[in-house]
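The values are calculated or read from the model by the stated rules, or taken from the named source; none is laboratory data. Predicted, not measured: the structure shown is a model, and the values here were computed from it. No Cβ is skipped: glycine too gets one built from the backbone with ideal geometry, and neighbour counts run over all protein chains shown. These accessible areas exclude ligands, DNA and RNA; they are computed on the full protein's heavy atoms, side chains included. Shrake-Rupley method; radii C 1.70, N 1.55, O 1.52, S 1.80 Å.
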Amino acid sequence: MPAAADNPRNLLTSLVLVFPLFLIYQVGVLFTLPMLNGADFVTTLLFRAFGLTLTGYLGFLGGVLVLFLVTVAVLGRRQRFNRAVVVPVILESVVWALTMGSLIVFVMTKVLGISPRLAGGIEGQGLVTRFVMSLVPGCTKKACSVWAY
């Protein structure tokens, strides 16, 4: 049986690797409003369905952060964070991003005859907006207006 840190089902390692991206996106989206990622159902749900204010949204994120820290503390009793997977996970992510991005551009241009520049007016957006939008897969709200948020 593999050691706790070597176990591919190590939830502690997975949470610690993914949660910062979630948190950075959720805070970063405050600087990019009204531009939202097309896959962003959390922000839309919180602001629209619950009529959440900026203070309420930050309170929600604070609660999620506390829940994350409690979960890490509980999991830390049974599992170890596996530092050895950090670099391989980053490299795997880069390879997947480059491969899928290239494939998508190829299909758009060569198969469908569509310009990749149609993806939501990214050219007019600042560096912060582009960075925040890249943290969550999907498309910008502008590019996915058919989703009718």
In the set Thr55, Thr129, which member is over 27 Å from Ser14 (Cα atoms) and at pLDDT below 90? Thr55
Please determine, by comparing only the residues of segment 49-64 that are among the hydroxyl-bearing types (Ser, Thr, Tyr) and either touching a residue at least 12 places away in the same chain (Cβ under 8 Å) or assigned to a helix (DSSP H, G or I) (or both), which one is most open to solvent (accessible area, probe 1.4 Å). Thr55
Hey, among the residues in segment 78-104 that are assigned to a helix (DSSP H, G or I), in contact (Cβ under 8 Å) with a residue 24 or more places away in the chain and surrounded by 12 or more Cβ atoms within 10 Å (Cβ to Cβ), which one's nearest to the chain's Cα centre (by Cα)? Val89
Answer with yes or no whether Phe50 is out of contact with any Ser or Thr (no Cβ under 6 Å at 6 or more places or on another chain), aromatic (Phe, Trp, Tyr) and at pLDDT 75 or above. no
Can you tell me which residues in segment 94-125 are in contact with a helix residue (DSSP H, G or I) (Cβ under 9 Å, 6 or more places away or on another chain) and at pLDDT 85 or above? Thr109
Single match in Leu75, Leu67 (criterion: modelled with pLDDT of 90 or more, in a helix (DSSP H, G or I) and within 19 Å of Arg9 (Cα to Cα)): Leu75
